[in-house]
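Structure first, then comments.
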Amino acid sequence: MAKTKKTPKPKALPPKGFRDYFGAEVTQRADMLQKIAGVYHHYGFEALESSAVETVEALGKFLPDVDRPNEGVFAWEEDNDWLALRYDLTAPLARVYAQFRNDLPTPYRRYAMGPVWRNEKPGPGRFRQFYQCDADTVGAPSVAADAEICAMLSDTLEVVGIPRGDYIIRVNNRKVLNGVMEVAGLAGDDKAAERGIVLRAIDKLDRLGTDGVRLLLGEGRKDESGDFTKGAGLGDEQAEIIMGFMSAKRDSGAATVARLTELVTGSKIGETGVNELETIATLLDAQGYNSNRIEIDPSVVRGLGYYTGPVYEAELTFEIKDEKGRPRQFGSVSGGGRYDDLVKRFTGQEVPATGMSIGVDRLLAALRAKGRIDAETIGPVIVTVMDKQRMADYQTMVAELRNAGIRSEVYLGNPKNFGNQLKYADQRHSPIAVIEGGDEKEKGVVQIKDLILGAKIAETATLEEWKDRPSQFEVPRDQLVAKVREILESQST
């Protein structure tokens, strides 16, 4: 009789490009989301939660990675319809606004936060699921709305812990780039494919440098792995016009605008874009957001295909070390722009809209790299178990601590080995352990162990400097909460 094949055990691994997040990371993200939401709310934006799943038709095909199936989204067919996980929070907003526009105020100012998914090639620090925090204004045609988004982005970065001088928000206008393309002979529907390649090439300037971008404007580029990316196939003269646009930034905003004006001479849409940039700069300057926080930079184009006007990107300017110890710039953590045609796909009428998105995971990584967020958060107070028959006593203690607003828990593992309980407390980064054995119960006291101070004493070669600082206290049982609070306060200072 043939042997029945055993079902192989599943591999305990996440899918490629995905990862798991544990305690401190989740807590730190939640704290950052709360701070960001506070700024958005302060500016008058209202919260919106939309579905994580949309129809592929509603999402549209705007991702820069056009060579992948379904334009880089995770999609599946159901009841003769194609559904997909959202790749950002902007495309779903367009669907929501089109659906509920008669019930929503105009302009509609909303913010949204949550995970998004992209079916892209993963790499170091680049995952297929990540968190975004968006804020958008729908129904405001004036570029004053764009200027406000840039100002709010600046304020948000400072609130979460990126000080002035460690970031710059760079602003450009797609109309200016469209004007440059028109001058370069790339206007018209028959040149749409070439324009798309040019956009994606410019958007990779910080990663590939001018030489890499120049290759993509021509025949194409082969990367270190041997993969070849087809280029736009531009002639030398056309490519030089595009490269001239990318290097148009000057020492001042006025000088940059003057250079851009030269580049788009003869293009009506290009001249409109330059005028809009001037207006944005004037409005921001009036509010005190000068070029040390927000500047005009023609190299910013943004990779998504739905932008129609001003575009902006927040870049962190400080250096960090990569995995090989080499210094490098941290780079972009946020971006956005105007997308006046996105709602029109549903309504047939143009609806002006602008907004921005913050990459929360990248922002958290930046703060950790600069030591502005602790790698670990403080864990709960641990009430140890000396006698498993007295679990009710220990649960009473932890209830008193929780009712006093102190994060705490009873050890629920095997209490036989007390050392394992302290090891558990150490793994949880607990600040305090509470101990009540039979002797303490008889005397009506509890032992309270300061685990943070105890760890410092253990690391010190001599106890001399700590001799007046005991790390364990015996207090009456009814003083448990007061003493725990006292120790926690001393630890925080």
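The values are calculated or read from the model by the stated rules, or taken from the named source; none is laboratory data. The structure displayed is predicted, hence computed values, not measured ones. Glycine also receives a Cβ, built like all others from the backbone with ideal geometry; neighbour counts cover every protein chain displayed. The accessibility values were calculated without ligands, DNA or RNA, using every heavy atom of the protein model including side chains. Shrake-Rupley method; radii C 1.70, N 1.55, O 1.52, S 1.80 Å.
Checked against the criteria, Y394 counts as surrounded by 14 or more Cβ atoms within 10 Å (Cβ to Cβ), within 30 Å of I448 (Cα to Cα) and of a type in the set (F, W, Y).
Restricting attention to segment 413-427, the residues that are more than 36 Å from the chain's Cα centre (by Cα), open to solvent by 70 Å² or more (accessible area, probe 1.4 Å) and closer than 23 Å to R485 by Cα add up to 0. Residues being charged (D, E, K, R) and under 23 Å from F127 (Cβ atoms) are entirely absent from segment 333-353.
Scanning segment 242-256 for residues being closer than 16 Å to V301 by Cα, modelled with pLDDT of 85 or more and among the aliphatic types (A, V, I, L, M) gives a total of 3. If I filter segment 340-347 for residues that are closer than 18 Å to F100 by Cβ, at pLDDT below 95 and open to solvent by less than 10 Å² (accessible area, probe 1.4 Å), do I get at least one hit? The answer is yes; a qualifying residue exists.
Of all residues in segment 205-220, those satisfying the criterion of being over 15 Å from N172 (Cβ atoms) and surrounded by fewer than 19 Cβ atoms within 10 Å (Cβ to Cβ) are R207, L208, G209, T210, D211, G212, L215, G218, E219, G220. Taken together, the residues in segment 71-93 that are among the aliphatic types (A, V, I, L, M) and either modelled with pLDDT of 95 or more or under 20 Å from the mean Cα position of the chain (by Cα) (or both) amount to 5.
The set of residues in segment 91-114 being open to solvent by 30 Å² or more (accessible area, probe 1.4 Å) and of a type outside the set (F, W, Y) consists of R95, Q99, R101, N102, D103, L104, P105, T106, P107, R109, M113.
Look at segment 342-371: where a residue is farther than 30 Å from E319 by Cα and a partner is of a type in the set (K, R) and surrounded by fewer than 21 Cβ atoms within 10 Å (Cβ to Cβ), sitting 6+ places away or on another chain with Cβ atoms under 6 Å, you get E350/K344. Only one of the numbered conditions (1) under 16 Å from T55 (Cα atoms); (2) open to solvent by less than 60 Å² (accessible area, probe 1.4 Å) is not met by D81, and that is (2). All conditions but one from (1) under 20 Å from the mean Cα position of the chain (by Cα); (2) loosely packed, with under 15 Cβ neighbours inside 10 Å apply to S357; the one that does not is (2). Looking only at segment 280-295, filter to residues that are charged (D, E, K, R) and either within 25 Å of the chain's Cα centre (by Cα) or modelled with pLDDT of 95 or more (or both); which one of those is most open to solvent (accessible area, probe 1.4 Å)? Selected residue: E295.
Within segment 428-442, the residues that satisfy the criterion of being more than 12 Å from V383 (Cβ to Cβ) and open to solvent by less than 10 Å² (accessible area, probe 1.4 Å) are P431, G437. Of all residues in segment 13-24, those satisfying the criterion of being open to solvent by less than 80 Å² (accessible area, probe 1.4 Å) and at pLDDT 90 or above are P14, G17, F18, Y21. Is it true that some residue in segment 139-151 is farther than 27 Å from N292 by Cβ and open to solvent by 60 Å² or more (accessible area, probe 1.4 Å)? Yes, some residue in segment 139-151 is farther than 27 Å from N292 by Cβ and open to solvent by 60 Å² or more (accessible area, probe 1.4 Å). Is at least one residue of segment 264-279 modelled with pLDDT under 90, surrounded by fewer than 22 Cβ atoms within 10 Å (Cβ to Cβ) and within 22 Å of V213 (Cα to Cα)? No, that holds for no residue.
Here D134 meets each of (1) closer than 29 Å to W76 by Cα; (2) surrounded by fewer than 21 Cβ atoms within 10 Å (Cβ to Cβ) with one exception, condition (2). Before we move on, is D155 over 12 Å from the mean Cα position of the chain (by Cα), in contact (Cβ under 8 Å) with a residue 60 or more places away in the chain and open to solvent by less than 30 Å² (accessible area, probe 1.4 Å)? Spelling it out, it is not the case that D155 is over 12 Å from the mean Cα position of the chain (by Cα), in contact (Cβ under 8 Å) with a residue 60 or more places away in the chain and open to solvent by less than 30 Å² (accessible area, probe 1.4 Å). All conditions in (1) under 20 Å from L364 (Cβ atoms); (2) open to solvent by less than 50 Å² (accessible area, probe 1.4 Å); (3) at pLDDT 85 or above hold for G123, with the sole exception of (3).
The number of residues in segment 240-254 that are open to solvent by 40 Å² or more (accessible area, probe 1.4 Å) and more than 25 Å from G218 (Cα to Cα) comes to 4. Only one of the numbered conditions (1) open to solvent by 70 Å² or more (accessible area, probe 1.4 Å); (2) within 28 Å of D155 (Cα to Cα) is violated by D88, and that is (1). A single member of E319, E271, E240 is of a type outside the set (V, I, T) and in contact (Cβ under 8 Å) with a residue 24 or more places away in the chain, and it is E271. Looking across segment 228-276, the residues that are under 18 Å from G179 (Cα atoms) and among the polar types (S, T, N, Q) come down to Q238, S247, T256, T261, T265, S267, T272, N275.
A151 satisfies every condition listed in (1) under 30 Å from Q34 (Cα atoms); (2) touching an Asp or Glu at 6+ places or on another chain (Cβ under 7 Å) except (2).
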